[in-house]
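S.K.: Shown below is the structure under consideration.
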Amino acid sequence: MKGRAVIVGAAVAGVLASMAPAASDQMTLPRSVAASSDLTLAVQPTVIRSTSDRMTIFGSVSGGEAGKKVTIQFKACGLQPIQFRDAFETTTRAGGGFSLEELRPFNLGVSGVYRAVSGGEVSAEIRVQQRVAVYMRPLSRGRFQVWVGGKVSFWRRFVLLQRFERRRGVWITMRRVVLTEDYGRTAPFRLSVPKGTQLRAIMPLSQARPCYLAGYGPIFRT
C-alpha cells in the first residue's frame with residue numbers, strides 16, 4: 001500500500017457516531033504528547049464551509065524513508081471521551097513525504113484537532129473548524145422550515161431568519177426560530193414578505209459553538 005491512504009474504519013465510525021456537546025470541550029485542551037519537529041503536518045483549509053469541502057493533508061517524516069507508516073489522528077469536538085482517535089493511514093514516498101490528497105473530500109464534519117503519528121514521533125497539532133450546515137426551504141401555503149445539520153444536537157437552539165434590504169445593501173433579521181424537532185429541524189412557520197424578497201437563515205456563533213462556527217443557508221427569492 002505504498003503511497004496510498006487508507007481510512008481507519010473503526011475510528012471514522014466512532015467520529016461519526018452521535019455526539020453530545022460538552023461544556024468543557026472548548027477545543028483548547030492540552031496536548032497529551034510532545035510534538036516532534038522531525039514529523040511535520042499541514043492541513044488545508046483550516047476552516048471548512050460544508051461537509052462537501054475538499055481538504056488536503058500532507059507532511060513529511062525525518063530521514064526521507066519511503067514506505068514508512070503514518071497515522072493521521074483526529075480529536076473531535078463533542079465526542080466523549082475527548083481524545084485522539086486514528087482516522088487515516090498512509091505511507092511515505094521517496095524523500096519521506098506523505099499526502100492524503102487522493103481521499104478528497106473526506107473532512108469529518110465537525111471541528112477538531114488533527115495530528116500525525118509515525119513511530120515514536122508526533123507532529124504539532126492543527127485545529128480545523130467546521131461551519132454548521134443550515135438549510136431553509138419553502139413549503140406549501142406560505143410556510144417555511146429550517147434544518148441545521150451537524151454531529152451534535154442543536155435541540156432548543158435557534159436560527160435567525162433574514163431578508164435582504166436592497167436599498168441599504170444589508171441583511172435585516174426578521175425573527176428567530178427555535179429548533180424543536182428531531183434532527184435539528186424547526187416546526188413549519190409562516191413568513192409574510194413581498195414577492196421577490198431575498199431570504200436566508202443563519203445560525204449565529206453563540207448557538208453553533210463549541211463544536212461549530214456560525215453557518216449561513218443558501219439565499220433564495222420568494
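The values are calculated or read from the model by the stated rules, or taken from the named source; none is laboratory data. Keep in mind that this is a model prediction, so the values were computed, not measured. Cβ atoms come from the backbone with ideal geometry, glycine included; neighbour counts cover every protein chain shown. Accessible surface is based on the protein model in full, side chains and every heavy atom, while ligands, DNA and RNA are left aside. Shrake-Rupley method; radii C 1.70, N 1.55, O 1.52, S 1.80 Å.
S.K.: Which peptide among 89-97, 122-130 comes first, and what is the full order, when sorted by highest mean count of other Cβ atoms within 10 Å?
M.R.: Details: 89-97: 17.9, 122-130: 19.7.
Put in order of decreasing packing, that is 122-130, 89-97.
S.K.: Could you name the aspartates and glutamates whose alpha carbon sits less than 16 Å from that of LYS68, not counting residues in the same chain fewer than 8 places away?
M.R.: Of all the aspartates and glutamates, those that pass the test against LYS68 - Cα under 16 Å, at least 8 places apart if same chain - are ASP38, GLU89, GLU121.
S.K.: Less than 12 Å apart at the alpha-carbon level, and either on another chain or at least 8 residues along: which aspartates and glutamates does that give for LYS75?
M.R.: Qualifying aspartates and glutamates at Cα under 12 Å: ASP25, ASP86, GLU125.
S.K.: Let me ask you something else. Give me the Kirkwood hydrodynamic radius of segment 55-203, using the inverse of the mean 1/r over all pairs of distinct Cα atoms, in Å to one decimal.
M.R.: For segment 55-203, the Kirkwood estimate is 18.7 Å.
S.K.: Something else now. Over the heavy atoms of ASP86, what accessible area does a 1.4 Å probe trace out, to the nearest 10 Å²?
M.R.: So the heavy atoms of ASP86 present about 60 Å² to solvent.
S.K.: Turning to a different aspect of this structure: Please give every one of the aspartates and glutamates within straight-line cross-link reach of LYS195, meaning a C-alpha to C-alpha distance under 16 Å, and leave out same-chain neighbours fewer than 8 residues apart.
M.R.: GLU165
S.K.: To continue, here is another question. In a shell of Cβ-Cβ distance under 13 Å around THR71, excluding THR71 itself, what net charge do Lys and Arg (+1) and Asp and Glu (-1) give? Walk me through the numbers before you get to the answer.
M.R.: Working: positive: LYS68, LYS69, ARG85, ARG115; negative: ASP86, GLU89, GLU121.
Net charge in that neighbourhood comes out at +1.
S.K.: Within the set of other residues whose C-beta is less than 9 Å from the C-beta of GLY119, count the net charge using Lys and Arg as +1 and Asp and Glu as -1. Before the final figure, lay out each step's value.
M.R.: Numbers: positive: LYS68, LYS69; negative: GLU121.
Counting the neighbours of GLY119, the net charge comes to +1.
S.K.: Students often check this: by mean Cβ neighbours within 10 Å, which of 75-83, 181-189 ranks highest, and how do the rest follow? Provide the component values of the computation, followed by the final result.
M.R.: Numbers: 75-83: 18.7, 181-189: 14.6.
Per-residue mean Cβ counts within 10 Å order the peptides as 75-83, 181-189.
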